[in-house]
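Here's the structure, in structure tokens; my notes come after.
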Amino acid sequence: MVELRLSARGLRRVFPGGAGVHGVDLDVGAGQVHALVGLNGAGKTTLMRLVLGMLQPDAGTVRIGGRDVSRADAMTWRRVGHLIDQALIYPELDVTTNLALAALLHGVNAEALPATIERALVDLDVGRYSDVRARVLSSGNRQRVGLAGVLAHDPDLIVVDEPTNALDPAAVIRLRDLLRERADRGAGVLVSSHHLDEVARIADRISVMNNGRLIGTLNPGGVDLERAFFTLIHADDVKPST
Amino acid sequence: MSHPFRTALVVETQKLRASRVVLAASVLVLVGISVLVGAMTAAAEAGNEQILSQLGTLADGGGWERFWGVSAQVTSAAGLLCFGVVLAWVVGREFADGTITGLFAITVPKATIALAKLASRWRGAQWSQSGSPHPWW
């Protein structure tokens, strides 16, 4: 049986007006890339915030590496890398220092810091900007640095929301390879995206989210994912609410 | 894994040392205090009644005694203002820069980060005199 890196059961968080997440069960196993796809406002980011403890659920539980998120300790969070909304990048600091601070906050020891930073610079190909302040980087390069910080401490669980935002095609391919490689080494990856063809290339499982619920899955190896996606969305939208 | 407070202090000190906001606030406070103290002392020496009434018991003294008294009064008010501005900035910037989401799901609790934000000014001043033992430590 595959070890679960992340497990959510009956997760619910409803905002005024009714938007939010309405009872979601979600698993991310070791070695698995689980992609979340859905239209804007479907609840993907809210779901990711809930699993990372950024939002308190109205109901339901989240377990990371078997431990309840509400009681997660430093050793639990040491194994997690995430990028939700904005990367952890301070504009007044250079790229090397930003990566160092991200690694420290994720539990990397001072002794291991130089090697960790070096690997992160190479992984996302940002070595040429190592001494450059983040404020002068393009948004694409800032995103690269942010992703380098997410992966630098070699997490077991990677949660990334729209990670290819602002990336050029070369960086998209590089990121895809990195996420696949981390998963092949045993990490669990939860990734959201609007690009169906992109997630189809790396995902083991694609879950479709609509109106705060997981409404079905897509076959990553299937043909015409776009049609299958919109068929699911349409069927859910016309379904009488219970 | 290092102690969370030590890690948070290193991180916050690095941010504070590189910050233009803190540098600008410090310079403005220094210049502002000098100008205010100079102007108030000069006005008191010239016998300006409004200033003398504001100085209270300090108005009865003169020379260095009045100068140091005025300096203490102005510095305490300006220091409080500067502390408030910098504190508001070091916390508010995490929201303004969108870095707050990166401070969740890490090995350092948010309360520890908040404490380190308060403590980092003292640590930063210490390092600026002696130098950090490690680039990030």
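The values are calculated or read from the model by the stated rules, or taken from the named source; none is laboratory data. From a predicted model like this one, the values you see are computed outputs, not experimental measurements. Heads up, the Cβs are rebuilt from the backbone with ideal geometry, glycines too, and the neighbour counts pull from every protein chain shown.
Answer yes or no: is there a residue in the range B:7-21 that is modelled with pLDDT under 85, out of contact with any strand residue (DSSP E or B) (no Cβ under 9 Å at 6 or more places or on another chain), in a helix (DSSP H, G or I) and small (Gly, Ala, Ser).
No: zero hits.
When the residues of the range B:1-29 are filtered to those that are among the polar types (S, T, N, Q) and closer than 26 Å to B:Ala77 by Cβ, which remaining residue is surrounded by the most Cβ atoms within 10 Å (Cβ to Cβ)? Give the steps one after another, and end with the answer.
Just the residues of the range B:1-29 that are among the polar types (S, T, N, Q), to begin with: B:2, B:7, B:13-14, B:19, B:26.
Still in the running and closer than 26 Å to B:Ala77 by Cβ: B:19, B:26.
Working: B:Ser19: 19, B:Ser26: 13.
Across the range B:1-29, the extreme among qualifying residues is B:Ser19.
For the range B:16-53, give me the residue count where each residue is in contact with a Leu (Cβ under 7 Å, 6 or more places away or on another chain) and either closer than 30 Å to B:Lys117 by Cα or hydroxyl-bearing (Ser, Thr, Tyr) (or both).
Of the residues in the range B:16-53, the ones in contact with a Leu (Cβ under 7 Å, 6 or more places away or on another chain) are B:18, B:22, B:44.
When the remaining residues are screened for being either closer than 30 Å to B:Lys117 by Cα or hydroxyl-bearing (Ser, Thr, Tyr) (or both), the result is B:18, B:22.
Total satisfying the criteria: 2.
Check off (1) over 30 Å from A:Arg63 (Cα atoms); (2) in contact with a helix residue (DSSP H, G or I) (Cβ under 7 Å, 6 or more places away or on another chain) for B:Trp64 and give me the number that stays unchecked.
Among (1) over 30 Å from A:Arg63 (Cα atoms); (2) in contact with a helix residue (DSSP H, G or I) (Cβ under 7 Å, 6 or more places away or on another chain), B:Trp64 violates only (2).
Can A:Ala200 be described as surrounded by fewer than 22 Cβ atoms within 10 Å (Cβ to Cβ) and under 20 Å from A:Ser139 (Cα atoms)? Give the steps one after another, and end with the answer.
Numbers: surrounded by fewer than 22 Cβ atoms within 10 Å (Cβ to Cβ): yes; under 20 Å from A:Ser139 (Cα atoms): no.
Against the criterion (surrounded by fewer than 22 Cβ atoms within 10 Å (Cβ to Cβ) and under 20 Å from A:Ser139 (Cα atoms)), A:Ala200 does not qualify.
For the range A:71-105, which residues satisfy the criterion of being part of a strand (DSSP E or B), facing chain B (nearest Cβ under 7 Å) and closer than 24 Å to B:Val90 by Cα?
A:His82
Would you please name the residue that is nearest to the other protein chains (Cβ to nearest Cβ), looking only at residues in the range B:12-27 that are among the hydrophobic types (A, V, I, L, M, F, W, C) and free of Cβ contacts under 8 Å to residues at least 24 places away in the same chain?
Among residues in the range B:12-27 that are among the hydrophobic types (A, V, I, L, M, F, W, C) and free of Cβ contacts under 8 Å to residues at least 24 places away in the same chain, the one nearest to the other protein chains (Cβ to nearest Cβ) is B:Ala18.
For the range A:52-103, what are the residues that are touching a Phe, Trp or Tyr at 6+ places or on another chain (Cβ under 7 Å) and surrounded by fewer than 22 Cβ atoms within 10 Å (Cβ to Cβ)?
A:Gly53, A:Met54
How many residues are of a type in the set (Val, Ile, Thr) and in contact (Cβ under 8 Å) with a residue 12 or more places away in the chain when one looks only at the range A:184-242?
Going through the range A:184-242 one residue at a time, the tally reaches 9.
Just checking, does the range A:30-47 include any residue being part of a loop (DSSP other than H, G, I, E, B) and within 14 Å of chain B (Cβ to nearest Cβ)?
No, because not a single residue in the range A:30-47 is part of a loop (DSSP other than H, G, I, E, B) and within 14 Å of chain B (Cβ to nearest Cβ).
List, please: which pairs have Cβ atoms under 7 Å, are six or more places apart or on different chains, and start with a residue in the range B:47-59 that is surrounded by 15 or more Cβ atoms within 10 Å (Cβ to Cβ) and end with one that is in a helix (DSSP H, G or I) and modelled with pLDDT under 80?
So the pair list comes out as B:Leu52/B:Ala59.
So which residues in the range A:104-125 are farther than 25 Å from B:Pro109 by Cα, surrounded by fewer than 23 Cβ atoms within 10 Å (Cβ to Cβ) and in contact (Cβ under 8 Å) with a residue 12 or more places away in the chain, if there are any at all?
Of everything in the range A:104-125, those that are farther than 25 Å from B:Pro109 by Cα, surrounded by fewer than 23 Cβ atoms within 10 Å (Cβ to Cβ) and in contact (Cβ under 8 Å) with a residue 12 or more places away in the chain turn out to be A:Arg119, A:Leu121, A:Asp123, A:Asp125.
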